[in-house]
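Some notes on the structure that comes next.
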Amino acid sequence: MADDFRSKAVLWPKGHLYEDFSVGQVMNHHWGRTILESDTVLFTTLTLSFNPIYSNRAFAKAHGHPDIVVNPLFVFNTVLGLSVEDCSEIGGPFVGVGKLTYHEPVYPGDTITSRSTTVACRLSQSNPSSGIVTWHTEGLNQDGRRVIDFERSNLVRRRHPEGRSA
Amino acid sequence: MTTKLSALTGRNNYFEDFSVGLVIRHARGKTMEPLENVLITNLVMNTAQGHFNEDAMKASAFKQRISYGGVNFSLIMGLASQDTCENALAELGLDNIRLMQPVFHGDTLYAYSEVLEVKDADREDAGEVTFRHYGVNQRDEQIFQGDRRVLLKRRSHWGDR
């Protein structure tokens with residue numbers, strides 16, 4: 001009976017809140033992602049990101065690449081996407097990204113993993129129910145080399161807004 | 001390739017064509033649909049359901065899904081790409097990314113770019129340009145601002161290849 005499974009069900013929650021973060025903690029994010037040619041070409045065409053190194057293999061090879069180049073904004077979005085459950089899934093809105101460097105090109109078939117280090121946690125003056133957390137996030141390829149890194153800040157909801165302990 | 005490389009990209013967007021202070025209004029806009037927001041959010045495994053669960057978002061202050069910020073600014077940077085990055089050898093980095101307003105399905109985005117910095121690179125066939133990209137919606141409200149550093153071909157070396 002439908003009522004039976006609903007009344008017995010226990011929610012397995014996802015995501016983290018402000019109190020779960022501390023400066024210096026390192027999170028190795030889940031899953032990883034092998035980036036396929038179809039991923040990057042679809043992303044490139046949907047966003048009208050017109051540079052032939054992202055869409056023309058012969059052109060990319062003539063520029064010294066072994067294959068088409070994965071659109072760097074697709075690399076960024078994948079590395080951030082893999083970090084969302086740990087960092088920002090339930091906490092609150094995006095504040096900003098900065099200091100982003102692309103360290104080397106990514107090619108179709110490369111596998112990307114993501115990890116973040118918490119670098120700042122501060123309470124919000126204007127919004128006592130939330131704090132602002134900043135992470136340094138890195139994307140690594142299958143050889144462990146860093147392909148991208150950046151800093152990201154989000155508003156993150158507090159579990160105990162009055163500062164009460166649980 | 002049998003075709004000249006330079007025949008495949010624009011003639012007016014090499015390193016030499018950009019000087020500090022130039023502001024470009026890009027010709028095309030694009031309407032944000034679930035095609036862009038939901039597909040790309042899911043492709044990059046972003047698990048925040050506010051971008052793909054319409055039922056849950058009906059109970060929120062927004063009353064609907066909000067487009068993922070990474071997709072919003074990827075589309076703005078995409079709309080700016082042909083004019084500013086079509087002759088890029090590489091994109092080097094981003095900075096000062098800010099999202100000012102939420103974007104919803106059905107909103108139309110337009111892009112502008114300003115040249116912030118132009119300088120020599122460590123190779124003679126290219127130079128480095130920093131653009132500040134701006135995004136606005138159909139009501140002309142600014143939704144995004146962010147800086148992109150690119151390595152652009154010099155016409156002197158690449159214009160006839």
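The values are calculated or read from the model by the stated rules, or taken from the named source; none is laboratory data. The structure displayed is predicted, hence computed values, not measured ones. No Cβ is skipped: glycine too gets one built from the backbone with ideal geometry, and neighbour counts run over all protein chains shown.
Can B:THR108 be described as of a type in the set (Ser, Thr, Tyr) and over 25 Å from A:PRO52 (Cβ atoms)? Spell out how you get there, then give the answer.
Details: of a type in the set (Ser, Thr, Tyr): yes; over 25 Å from A:PRO52 (Cβ atoms): yes.
Yes: the conditions hold for B:THR108.
Give the residue, chosen from A:PRO66, A:PRO108, that is more than 25 Å from B:LEU99 (Cα to Cα), touching a residue at least 12 places away in the same chain (Cβ under 8 Å) and in contact with a helix residue (DSSP H, G or I) (Cβ under 8 Å, 6 or more places away or on another chain). Give the derivation first.
Numbers: A:PRO66 fails: in contact with a helix residue (DSSP H, G or I) (Cβ under 8 Å, 6 or more places away or on another chain).
Answer to the check: A:PRO108.
Just one of (1) touching a residue at least 12 places away in the same chain (Cβ under 8 Å); (2) away from every other protein chain (no Cβ under 13 Å); (3) in a helix (DSSP H, G or I) trips up A:MET27, so point out which.
A:MET27 satisfies every listed condition except (3).
Looking only at the range A:98-105, decide whether some residue is more than 10 Å from every other protein chain (Cβ to nearest Cβ), modelled with pLDDT of 95 or more and at negative phi.
Of the residues in the range A:98-105, the ones more than 10 Å from every other protein chain (Cβ to nearest Cβ) are none.
No - not one qualifying residue is present in the range A:98-105.
Condition (residue is of a type in the set (S, T, N, Q), part of a helix (DSSP H, G or I) and modelled with pLDDT of 95 or more) applied to the range A:62-78: is it met by at least one residue? Before the answer, list the steps.
First pass over the range A:62-78, keeping only residues of a type in the set (S, T, N, Q): A:71, A:77-78.
Those left that are additionally part of a helix (DSSP H, G or I): A:77-78.
Now restrict to residues that are modelled with pLDDT of 95 or more: A:77-78.
Yes, the conditions are met somewhere in the range A:62-78.
Just to check your reading of the model, which residue among A:PHE43, A:PHE50 is part of a helix (DSSP H, G or I) and at the interface with chain B (Cβ under 10 Å from one of its Cβ atoms)?
Numbers: A:PHE50 fails: part of a helix (DSSP H, G or I).
Answer to the selection: A:PHE43.
Name the single residue, out of those in the range B:8-66 being among the small types (Gly, Ala, Ser) and more than 12 Å from chain A (Cβ to nearest Cβ), that is nearest to A:HIS30 (Cα to Cα).
As a first pass, look at the range B:8-66 and keep what is among the small types (Gly, Ala, Ser): B:10, B:19, B:21, B:27, B:29, B:48, B:50, B:56, B:59-61.
From what is left, the residues that are more than 12 Å from chain A (Cβ to nearest Cβ) are B:19, B:21, B:59.
On the way: B:SER19: 44, B:GLY21: 43, B:ALA59: 29 Å.
In this case the residue turns out to be B:ALA59.
Inside the range B:10-28, can you point out the residues that are surrounded by fewer than 19 Cβ atoms within 10 Å (Cβ to Cβ) and not basic (Lys, Arg)?
Once the filter is applied, which keeps residues that are surrounded by fewer than 19 Cβ atoms within 10 Å (Cβ to Cβ) and not basic (Lys, Arg), the range B:10-28 yields B:GLY10, B:ASN12, B:GLU16, B:ASP17, B:SER19, B:VAL20, B:GLY21, B:LEU22, B:VAL23, B:ILE24, B:ALA27.
Please return the ranges of strands (runs of 3 or more DSSP E) entirely within the range B:40-156 where 2 or more residues are of a type in the set (S, T, N, Q).
Values: elements: B:88-99, B:108-120, B:126-136, B:142-153.
Counting at least 2 such residues, we get B:108-120, B:142-153.
Please state which of the following conditions B:VAL118 fails to meet, knowing it meets all the rest: (1) farther than 20 Å from B:ALA27 by Cβ; (2) of a type outside the set (S, T, N, Q); (3) in contact with a helix residue (DSSP H, G or I) (Cβ under 7 Å, 6 or more places away or on another chain).
So B:VAL118 meets the others, but not (3).
Tally time: how many residues in the range B:77-101 are buried (at least 18 other Cβ atoms within 10 Å of the Cβ) and either among the hydroxyl-bearing types (Ser, Thr, Tyr) or under 20 Å from A:ASN154 (Cβ atoms) (or both)?
If we filter the range B:77-101 for residues that are buried (at least 18 other Cβ atoms within 10 Å of the Cβ), which is where we start, we get B:77-95, B:97, B:99.
When the remaining residues are screened for being either among the hydroxyl-bearing types (Ser, Thr, Tyr) or under 20 Å from A:ASN154 (Cβ atoms) (or both), the result is B:81, B:84, B:94-95, B:97, B:99.
Residues meeting the conditions: 6.
How about the range A:84-95: which of its residues are touching a residue at least 60 places away in the same chain (Cβ under 8 Å) and assigned to a helix (DSSP H, G or I)?
Of the range A:84-95, the ones touching a residue at least 60 places away in the same chain (Cβ under 8 Å) are A:85-95.
Of everything in the range A:84-95, those that are touching a residue at least 60 places away in the same chain (Cβ under 8 Å) and assigned to a helix (DSSP H, G or I) turn out to be A:GLU85, A:ASP86, A:CYS87.
Closer than 16 Å to B:VAL44 by Cβ, of a type in the set (Lys, Arg) and at pLDDT 95 or above: is that true of A:ARG33 in this structure? Before the answer, list the steps.
Details: closer than 16 Å to B:VAL44 by Cβ: yes; of a type in the set (Lys, Arg): yes; at pLDDT 95 or above: yes.
When the stated conditions are applied, A:ARG33 passes them.
Only one of A:SER165, A:SER88, A:SER124, A:SER130 is modelled with pLDDT under 95 and loosely packed, with under 14 Cβ neighbours inside 10 Å. Can you tell me which?
Details: A:SER88 fails: loosely packed, with under 14 Cβ neighbours inside 10 Å; A:SER124 fails: loosely packed, with under 14 Cβ neighbours inside 10 Å; A:SER130 fails: loosely packed, with under 14 Cβ neighbours inside 10 Å.
Within the list A:SER165, A:SER88, A:SER124, A:SER130, the selection yields A:SER165.
So B:GLN138 clears everything in (1) surrounded by fewer than 13 Cβ atoms within 10 Å (Cβ to Cβ); (2) of a type in the set (S, T, N, Q); (3) more than 24 Å from B:LEU39 (Cα to Cα) except one condition, right? Which one?
Among (1) surrounded by fewer than 13 Cβ atoms within 10 Å (Cβ to Cβ); (2) of a type in the set (S, T, N, Q); (3) more than 24 Å from B:LEU39 (Cα to Cα), the lone unmet condition for B:GLN138 is (3).
Can you name every residue in the range B:134-147 that is touching a residue at least 60 places away in the same chain (Cβ under 8 Å) and touching a Lys or Arg at 6+ places or on another chain (Cβ under 8 Å)?
Of everything in the range B:134-147, those that are touching a residue at least 60 places away in the same chain (Cβ under 8 Å) and touching a Lys or Arg at 6+ places or on another chain (Cβ under 8 Å) turn out to be B:PHE144, B:GLY146.
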